[in-house]
1. Hey, does region 353-368 have a residue that's at pLDDT 95 or above and not in a helix (DSSP H, G or I)?
2. Could you list, in sequence order, the residues of region 181-207 that are within 23 Å of residue 137 (Cα to Cα), crowded, with 22+ Cβ neighbours inside 10 Å and not polar (S, T, N, Q)?
3. Taking helices (runs of 4 or more DSSP H) that fall entirely within region 425-512, which contain at least 3 residues that are hydrophobic (A, V, I, L, M, F, W, C) and at pLDDT 90 or above?
4. Just to be sure I understand, how many residues within region 408-446 are more than 35 Å from the chain's Cα centre (by Cα) and either closer than 21 Å to residue 395 by Cβ or small (Gly, Ala, Ser) (or both)?
5. Out of (1) under 24 Å from the mean Cα position of the chain (by Cα); (2) farther than 24 Å from residue 248 by Cβ; (3) open to solvent by 50 Å² or more (accessible area, probe 1.4 Å), what's the single condition that is false for residue 370?
6. Residue 296 versus (1) open to solvent by less than 30 Å² (accessible area, probe 1.4 Å); (2) in contact with a helix residue (DSSP H, G or I) (Cβ under 8 Å, 6 or more places away or on another chain); (3) touching a residue at least 40 places away in the same chain (Cβ under 8 Å): which is the lone unmet condition?
7. For region 1-80, give me every one of the strands (runs of 3 or more DSSP E) that falls completely inside it and has 3 or more residues that are in contact (Cβ under 8 Å) with a residue 24 or more places away in the chain and touching an Asp or Glu at 6+ places or on another chain (Cβ under 6 Å).
8. Just checking, how many residues over region 299-317 are closer than 16 Å to residue 348 by Cβ and either open to solvent by 60 Å² or more (accessible area, probe 1.4 Å) or part of a loop (DSSP other than H, G, I, E, B) (or both)?
Amino acid sequence: MSVKYKVEKSEKLGRYLVAAKDIKAGERILSDQPFVLGPSSDTSLVCFNCYLPLINKFLVCKNCAVAPLCPGDGCPDEFTKYHNRQECDVFRNLRLTKGISPMTMVQNVGSLSVLRALLKKETNLLEWKLFMELETHLERRRESNVWQYYDNTVKFIQSLGLLENGQNQDLVQKICAAIDVNSFEVRGPPIPAIGCAEILRGVYLQAALLSHDCIANTHMSIDDNNILVCHASVDIKKGESINYNYTDPLKGTIPRQQHLIVGKYFKCTCTRCTDNTELGTFMSSAICPGCKKGYITKNGDLWICFDCKKEVESMDIEPKIKCCSDKLEVINKKDEKELEEYIKYVSLVLAPGHYLLLDAKQRLAGVLRDTINREPRPTKKLMVRKLALCEEILPILEIVSPGICRTKAITLYELHATTVQLAKKLFDSREMSGSAYVDELLKAEKYLKRALEMLVIEPGNSPEGELCAKALEEYRALKVTISKIVDSLHAQGKTFGMDSTAIEETGNSTYLDVD
């Protein structure tokens, strides 16, 4: 297999990846095992072997008599195991020489990742050296509260006597920093029948070298074996940097920048961050109080209308935006009426694509989906509203997350599902002709095909992978339904807007073979 990337170094980016060849959208770039995986500092107690949450009780490893493990029949066979023989031997030795106990580990569960990273120094020196080369911003952290935050972790590791002579707290702080700056969130294993799971953090040595851009060109997925797979989300030309969005693409520039400065210690200067309109999405903009039509964007200490060029003082608009943000925090985000009222209220202040409005619209679309699926006869009004919300969200996703995008795929799937449901309701009630019904089903098929082209790269055992399997069955069924209706219309001597070539084309997918 040809090499997809190479490592380069610059003063601005440090070590980063560039494409060693042209890479097509959907093409796998790399897969990566975690160097270290574990709970964060605020995680509840988890099994040290499989990371299942330990809610009421736990057993202790029979060999080392230290590590808390799953009670009952032990860890499920399908979950990856992390309490290995080398660690067990270390824990047993620490119990004999330092007197550590299971409760010592329970009280320091947040330090487990740091401890396991340090033990790699003895078990995998090559990976340890690569880990130590990762960006840490150690000097900047030394001046912040985060240095004191990890003081307990430093004291815990020092108490174990694992540091060699001459090593001080800086090594532990550097490990903490390397994990903080370079880790990915990983969904821990869910408790069977309950679904409760902890969010873990994993450091992947290859993926850690991906540079940041708020318009990413890669798509990440992590399967139930905690293997990270990176695909190109768009075509990447040879020599271009391979990047990933460290932030939430559906947040505005200010919260994205805050996240990067606090957690990653740099200010982003990508094309989106340096454009006041955020590539024409106006995701941080408000409605101009002057012309009432244009959108005002922040430019230094002033807000300037993109249309009428009116200048607005920050004190005249920012308190209103803060009020919109505060209100979203306190409303019931599972209540259809409260969400509708919020959207109606803030739409008087914020641009239609503002990230606060998008958040509320996404939540409302989810509430309506649940209502539609729950009700035996959902109303046309509910379905029309859900379609409108998805259609408002999708164009912004196309801009801020071009190419393959998990959220976009789910939005397209929801568009397909509701288009089919509404069309059937209207056709059954004779409010829609047979030819119009086919047109709507063909539109839904296009939505579903695009969703499948993105979902097909998701791990099969992930929620998105399960959605892919469901969508694939629905795709086959939809093709059969369309074919039957077309045959029926032809038998009646009727025609409709889509010609036979168009119908034939809808049965073929760019990436899929579903026949």
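The values are calculated or read from the model by the stated rules, or taken from the named source; none is laboratory data. This structure is a prediction, so every number in the text was calculated from the model and none was measured. For neighbour counting, all protein chains shown are included, and Cβ atoms are generated from backbone atoms with ideal geometry for every residue, glycine included. Remember, those area values only see protein heavy atoms, side chains included, never the ligands or the DNA or RNA. Shrake-Rupley method; radii C 1.70, N 1.55, O 1.52, S 1.80 Å.
1. Yes: one or more hits.
2. Selection gives 200, 202, 203, 204, 207.
3. By residue number, 434-455, 463-491.
4. Total meeting the criteria: 5.
5. Unmet condition: (2).
6. (3)
7. Correct list: 14-19.
8. Number satisfying all stated conditions: 1.
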